[in-house]
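Report on one structure; see the data block that follows.
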Amino acid sequence: MAELLLEVFSEDIPARMQVKAADDLRRLVTAALAEAGLDHEGARAFATPRRLALSVSGLPAYQPDRREEKRGPRVGANAKAVKGFLDSLGPGMSLEDCEIREDKKGPRYIAILNRPGRPSPELIAEIVPAIIARFPWPKSMRWGAGDFRWVRPLRSILCVFDGETVPFEVAGLKSGHTTQGHRFMAPKTIGVSRLDDYEPALKAANVMLDHDERAQAIGNGARNLAFAQGLELIEDDDLIAENAGLVEWPVTLAGRFDEAFLALPPEVIVTALKAHQKCFALHDRKRSCRFGGAAALANSYILVADIEAEDGGRRIVAGNNRVIAARLADARFFFDSDRKRPLADMAKALETVRFHQKLGSMADKTNRVAALAGGIAELIDADREKAISAAKLAKADLVSGMVGEFPELQGVMGRYYALEQGIDEQICDAMAEHYRPQGVYDALPTSRIAKAVAMADKLDTLIGFWAIEETPTGSRDPYALRRAAIGIIRIIVDGGLRLHLGALIAQHQTRFAPELARDGLACDRLACDRLARNLLSFFAERLKAYLRDKGARHDLVDAVLAADRHDDPVSILRKVEALDAFLKTDDGLNLLAGVKRAGNILRIEEKKHGAIHNDMPDRSLFAEEPEIALGAAMDHVAIQSGAAIAKEEFHAGLASIATLRKAIDRFFDAVMVNVDDEAIRINRLRLLNRIREVTVAIADFAKIEG
């Protein structure tokens with residue numbers, strides 16, 4: 001068995017694209033090899049700023065012989081169709097070489113092709129250039145005279161199979177068996193024949209091939225440098241990963257800035273270091289933060305260089321110190337300027353900031369959010385007036401100089417300015433937290449006031465874009481509407497808040513009457529109903545994904561959502577939990593079988609006769625003791641389980657329904673539903689429908705697997 005070693009060497013690949021690109025290369029190449037009949041034992045992909053690399057082990061030297069069948073035209077088809085089929089088979093083929101087989105449309109020609117296996121290098125020489133030519137970069141560029149595109153200009157391609165070069169050409173570059181080491185420290189050409197040579201040769205040439213190894217080196221180096229100064233690294237996995245994508249040979253260095261800059265809010269300093277210079281901030285546990293919090297920042301930082309400088313990195317650090325000092329000086333200027341301006345004036349200036357061409361200004365959005373936040377605050381027992389005040393000021397800092405320079409600080413700076421202007425601290429905190437959560441794992445708003453404002457902001461965005469029919473399609477979601485919906489669900493479910501999304505949507509969508517107008521007609525009930533229905537379905541899909549990520553069984557989530565208005569996420573979660581526990585018992589499993597049987601009979605009969613049997617059964621038509629007993633049990637359970645479910649005691653409701661198990665089993669053992677007497681048959685179908693109605697108060701049992 002042999003190994004394929006592939007490296008595509010280029011100018012610097014953006015850090016954010018590297019890990020996925022390496023995985024794409026592995027996926028595409030191994031899939032193409034498998035399609036060609038070249039199975040493999042293992043594959044490892046690598047990425048550095050200047051190269052994508054792949055090792056595929058356990059490959060055969062030759063493709064296995066293959067037998068293929070190719071369907072041709074029907075017997076008696078016109079000559080043109082027959083000729084086209086034979087031409088596609090290759091030279092020398094005739095109808096005498098084909099079999100005739102019968103299918104639904106009659107006899108058809110079938111060609112049997114025996115394909116001899118080809119040497120693996122021949123196939124690789126076809127597969128690799130095709131993949132490189134269509135590689136799925138998020139963004140790519142064209143350079144030179146041709147139409148070939150790559151993320152950055154290509155410099156060389158290494159392709160070796162079983163120690164020998166696989167010859168091909170891409171964009172004027174011929175494949176070879178050489179690569180290059182570090183751009184500055186070891187730029188000489190390196191010859192390699194397999195991964196066991198390639199990886200150590202690169203390390204000797206100051207290139208760490210593995211992204212995770214570089215990330216670990218950066219994290220450990222930064223922590224050690226911080227410890228040596230008596231400081232503590234502010235951990236940031238994203239920043240470590242980004243730096244690992246910027247360097248091939250990470251070298252951590254410590255820098256400093258003027259202590260006077262510590263008068264800035266710590267978020268400003270951390271953002272300036274991270275966003276602009278990719279540097280790590282440090283905590284000084286021996287000092288307290290003047291803005292509150294457990295520890296102050298130190299006026300030191302950690303940077304990651306891509307070279308072991310002869311002077312130990314002194315010039316690199318000095319250059320970074322100058323750039324960071326300039327950044328922080330700009331930040332101090334914006335901070336001082338912004339503090340001279342009342343937040344109310346900033347909020348008024350939002351009238352000049354467009355939220356969306358069809359949805360008005362940011363001031364329009366703020367007014368809508370304030371009204372909705374007040375309503376939500378009342379529903380979740382939060383201070384209504386404080387929620388309204390926070391919503392009116394939450395986006396004021398968008399027009400500040402600081403947020404203009406550091407967009408990552410929106411909300412955060414508004415809080416600082418509001419505190420300095422004597423605004424209630426709860427309102428200030430809600431202003432800072434109303435963007436939360438911005439991701440699946442992001443922190444949630446802490447106070448109920450902040451939760452009300454955060455939900456109102458996201459729900460207003462969702463309703464607005466649904467009103468103008470700019471909703472997510474496929475993978476496209478330019479306004480992050482899926483993230484907004486998940487954010488609302490997380491705030492509600494994780495906070496145990498009881499909110500009916502349908503009622504909130506119905507109430508708030510009236511504020512979008514002009515946007516809901518269609519073809520010159522004013523917003524009508526049909527448009528509003530359609531918006532609410534579609535948006536609730538969107539929430540249901542997001543809730544389904546959220547609950548599955550939390551470990552809920554997908555079929556139970558589907559079953560509950562199919563029977564629920566799905567506008568109270570907490571209720572849905574409790575039903576799923578109760579149903580999961582119930583189906584782990586013998587009574588639950590046996591009842592499930594009985595309910596499914598009843599449902600199947602009903603569906604067949606309803607489809608056959610086009611009638612829904614939802615009337616109450618007539619007791620006088622009960623002819624046999626098991627159906628009399630089931631009818632009586634149904635009367636009792638319907639009352640008992642209905643009362644429990646109304647109080648959201650879903651475990652108790654299911655326990656009550658479980659008492660039907662024996663009566664249902666006896667009914668199916670002794671009673672035939674589809675008898676000749678139509679009145680009795682319909683009456684028994686109505687009895688089965690009662691079983692369906694009782695269980696559907698919690699879930700549609702037909703959607704439960706097993």
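The values are calculated or read from the model by the stated rules, or taken from the named source; none is laboratory data. Bear in mind the structure is a predicted one, so any value in this text is a computation, not a measurement. Glycine also receives a Cβ, built like all others from the backbone with ideal geometry; neighbour counts cover every protein chain displayed. For the accessible areas, the whole protein counts, side chains as well, though only heavy atoms, and no ligand, DNA or RNA atoms are used. Shrake-Rupley method; radii C 1.70, N 1.55, O 1.52, S 1.80 Å.
A few notes on this one:
- Segment 621-687 versus segment 431-481: alpha-carbon centroid distance in Å: 45
- Compactness check for segment 30-77: Cα Rg over 2.2 N^0.38 Å is 1.89.
- Accessible area per residue for the chain, computed on protein heavy atoms with a 1.4 Å probe, is 48 Å².
- Note on the chain: helix-only mean residue ellipticity at 222 nm, from DSSP H runs of 4+ residues weighted -39500 (n - 2.57) and normalised by residue number, equals -16000 deg cm²/dmol.
- Coarse-grained scattering of segment 614-679 at q = 0.18, 0.22, 0.26, 0.27 Å⁻¹, given as base-10 log I(q)/I(0) from a Debye sum over alpha-carbon atoms: -0.73, -0.94, -1.11, -1.15
- Think of the chain as having a plus end and a minus end, set by charges on the Cβ of Lys, Arg, Asp and Glu; of Val323, Gly502, Ala593, Val323 sits farthest toward the positive end of this dipole.
- Computed lengthening from Ala329 to Asp197, 0.36 nm per intervening residue step minus Cα-Cα distance: 42.6 nm
- Expressed as a whole percent, the accessible area of the chain that falls on carbon and sulfur atoms is 50 (1.4 Å probe).
- Cα-based shape type of segment 52-140, given that a ≥ b ≥ c are square roots of the gyration tensor eigenvalues and the cut on a/c is 1.5: prolate
- With a threshold of 19 Å on the Cα-Cα distance, the over-threshold entries among Lys392/Lys458; Lys358/Lys451; Lys458/Lys647; Lys596/Lys703 are Lys358/Lys451; Lys458/Lys647.
- Förster-model FRET efficiency, 30 Å R0, Gln507 and Thr446, C-beta, rounded to 0.05: 0.70
- By definition, a body whose alpha carbon gyration tensor gives a ≥ b ≥ c is prolate when a/c is 1.5 or more and a/b is larger than b/c, and segment 270-321 fits this prolate description.
- Here is the list for segment 149-250: chymotrypsin sites (Phe, Trp or Tyr not before Pro) lying in DSSP coil, each with at most 15 other C-beta atoms within 10 angstrom of its C-beta, are Phe184.
- Listed values (1) 89, 60, 52; (2) 101, 91, 56; (3) 189, 99, 67, entry calculated as Cα extents along the principal axes in Å: (2)
- Expected-Rg normalisation [2.2 N^0.38 Å, Cα atoms] applied to segment 511-657: 1.37
- Cα centroid of segment 244-280 to Cα centroid of segment 341-379, whole Å: 34
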